[in-house]
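K.L.:
Mind looking over this structure? Questions follow.
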Amino acid sequence: MNRLAPDDNWSADLKESEARYRGLLEAAPDAMVVVNQAGEIVLLNVQAESQFGYHRDELLGQPVTNVIPQGFAERLIADDLRSAEDALAQQIGTGIELTALRKDGTEFPIEIMLSPLDSPEGILVTAAIRNITVRKSAEEQLIQSLEELNRSNEELGQFAYIASHDLQEPLRMVASYTQLLARRYKGQLDADADEFIAFAVDGASRMQRLIEDLLSFSRVGTKGQPMAPTSSEGALQQALSNLDVAMSDSGAQVTYDPLPTVLADEIQLVQLFQNLVDNAIKYRRPGVPMIHVSSSDNGDHTWRFSVKDNGLGIEPKYFERIFGMFERLHQRDEFAGTGIGLAICKKIVERHGGRISVESQPGEGSTFHFGLMGAEAT
Ligand code: ADP
């Protein structure tokens with residue numbers, strides 16, 4: 001019987017495992033390159049040949065910097081601070097984005113994943129190399145589309161602002177002259193004329209309210225002040241003093257807990273409380289409107305505010321809709337309004353990085369919740 005010497009046995013094993021490894025490399029979907037600690041290519045698959053445009057023999061034994069000029073070889077080399085194992089351990093399993101160089105001099109973006117391989121010649125590193133040209137260009141397109149979207153949103157905001165601002169002047173003219181007509185000629189023309197003039201006066205003043213609300217809506221985005229530590233209790237008190245008349249007319253009782261200092265645009269915070277409390281008074285049931293404002297600490301430097309009323313309440317199916325522009329659940333002759341108040345609230349809260357929502361049952365009152373950042377979040 002022909003006995004193999006131990007050495008032959010060992011080298012046969014090695015050959016076998018090398019062949020197995022080569023088979024695995026060729027089956028991989030990605031280009032694969034195996035590099036030694038000196039940064040030389042010791043093995044590569046056919047996908048790597050075609051990605052880089054070289055024949056296998058032209059790359060074997062060559063420095064890997066020929067195909068990946070920067071960022072790969074450096075990662076394999078130990079320095080004074082770390083051993084080869086440590087140098088590698090930091091890179092294992094994470095995708096690294098680099099640039100690859102083809103034989104014809106053209107470049108393309110790649111992502112490489114490294115894994116170590118113990119071999120009799122020392123640690124080798126297998127790099128799976130993925131061409132990410134398509135992903136990169138998709139990312140760039142996405143960024144470009146987002147930029148365009150931002151720009152067109154901004155333009156739309158500017159347009160709404162300018163249009164509503166410029167409409168105010170001619171509208172003021174229509175409103176004041178129709179009011180003048182009503183005052184001067186009431187009872188002097190026929191009954192139809194009086195009625196028509198009254199419609200015109202009403203239409204003009206409604207339009208003025210709409211334009212004013214549209215203007216405040218677009219001001220939230222365009223005329224906002226920088227965020228600063230703001231006493232939310234102070235902002236609420238300011239809002240309540242602005243609502244003095246509505247409060248005494250309705251006999252509303254507004255109570256509040258001690259409220260925190262938050263990171264906010266003070267003018268907008270006043271407007272937010274004012275719109276919510278104004279609605280709580282407006283959409284009341286017979287009896288004394290009771291409104292309570294409270295806050296709770298979310299524990300992550302954010303606060304959850306609640307404005308609770310004992311008013312008409314809202315059906316759950318309208319919970320989302322009421323925050324949209326011009327969305328109203330009531331007729332004009334029931335309650336005056338433009339349907340922009342809550343859209344302004346939403347825009348203010350979102351500008352502050354929070355969300356607004358409502359919890360309610362018809363006939364049981366409503367609670368509006370919104371989040372704000374605590375002042376310590378700076
Ligand atoms: P407006 O008050 O001008 O109609 P808003 O945007 O402020 O516009 O409110 C939208 C709708 O949401 C209102 O028409 C009303 O039907 C409903 N709503 C808002 N606040 C309350 C509340 N506190 N209780 C009951 N319904 C409310």
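K.L.:
Residue 311 versus (1) more than 25 Å from the chain's Cα centre (by Cα); (2) more than 14 Å from the ligand (Cβ to nearest atom); (3) not charged (D, E, K, R): which is the lone unmet condition?
P.N.:
All conditions pass for residue 311, except number (2).
K.L.:
In this structure, is residue 237 farther than 16 Å from residue 368 by Cβ and either more than 16 Å from the ligand (Cβ to nearest atom) or modelled with pLDDT of 95 or more (or both)?
P.N.:
yes
K.L.:
What helices (runs of 4 or more DSSP H), lying completely within segment 173-265, carry at least 3 residues that are under 29 Å from residue 153 (Cα atoms) and among the aliphatic types (A, V, I, L, M)?
P.N.:
191-222
K.L.:
How many of the residues making up segment 242-262 are under 29 Å from residue 301 (Cα atoms) and surrounded by fewer than 13 Cβ atoms within 10 Å (Cβ to Cβ)?
P.N.:
3
K.L.:
Looking at segment 255-274, I want the residues that are within 24 Å of residue 310 (Cβ to Cβ) and modelled with pLDDT of 95 or more and have a partner that is aromatic (Phe, Trp, Tyr) and surrounded by 18 or more Cβ atoms within 10 Å (Cβ to Cβ) with Cβ atoms under 8 Å, at least 6 apart or on another chain. Which pairs are those?
P.N.:
259/305; 272/370
K.L.:
Identify all residues within segment 47-65 that are surrounded by fewer than 21 Cβ atoms within 10 Å (Cβ to Cβ) and more than 43 Å from the chain's Cα centre (by Cα); write none if there are none.
P.N.:
54, 55, 56, 57, 58, 60, 61, 62, 63
Residues checked against (1) buried (at least 18 other Cβ atoms within 10 Å of the Cβ); (2) within 15 Å of the ligand (Cβ to nearest atom); (3) not small (Gly, Ala, Ser):
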{"site": "264", "(1), (2), (3)": "yes, no, no"}
{"site": "283", "(1), (2), (3)": "yes, yes, yes"}
{"site": "292", "(1), (2), (3)": "no, yes, yes"}
{"site": "320", "(1), (2), (3)": "no, yes, yes"}
{"site": "326", "(1), (2), (3)": "no, yes, yes"}
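K.L.:
Identify all residues within segment 207-217 that are within 11 Å of the ligand (Cβ to nearest atom) and either of a type outside the set (Asp, Glu) or surrounded by fewer than 19 Cβ atoms within 10 Å (Cβ to Cβ) (or both); write none if there are none.
P.N.:
The answer is 209, 210, 217.
Okay, residues lined up against (1) within 30 Å of residue 221 (Cβ to Cβ); (2) modelled with pLDDT of 90 or more; (3) surrounded by 11 or more Cβ atoms within 10 Å (Cβ to Cβ):
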site: 110; (1), (2), (3): no, yes, yes
site: 116; (1), (2), (3): no, no, yes
site: 121; (1), (2), (3): no, no, no
site: 127; (1), (2), (3): no, yes, yes
site: 146; (1), (2), (3): yes, yes, no
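K.L.:
Oh, and also: From the residues in segment 328-364 that are in contact (Cβ under 8 Å) with a residue 60 or more places away in the chain and near the ligand (Cβ under 7 Å from one of its atoms), which one is farthest from residue 259 (Cα to Cα)?
P.N.:
Selected residue: 338.
K.L.:
Read through the list (1) surrounded by 10 or more Cβ atoms within 10 Å (Cβ to Cβ); (2) modelled with pLDDT under 95; (3) within 45 Å of the chain's Cα centre (by Cα), then give the number of the only condition that residue 38 fails.
P.N.:
(3)
K.L.:
Within segment 16-28, can one find any residue that is surrounded by 12 or more Cβ atoms within 10 Å (Cβ to Cβ), in contact with a Leu (Cβ under 9 Å, 6 or more places away or on another chain), among the aromatic types (Phe, Trp, Tyr) and at pLDDT below 95?
P.N.:
yes
The values are calculated or read from the model by the stated rules, or taken from the named source; none is laboratory data. A quick note: this is a predicted structure, and the numbers were derived from the prediction, not measured. When we count neighbours, we look across all protein chains shown, and the Cβ atoms used for this are built from the backbone with ideal geometry, even at glycine.
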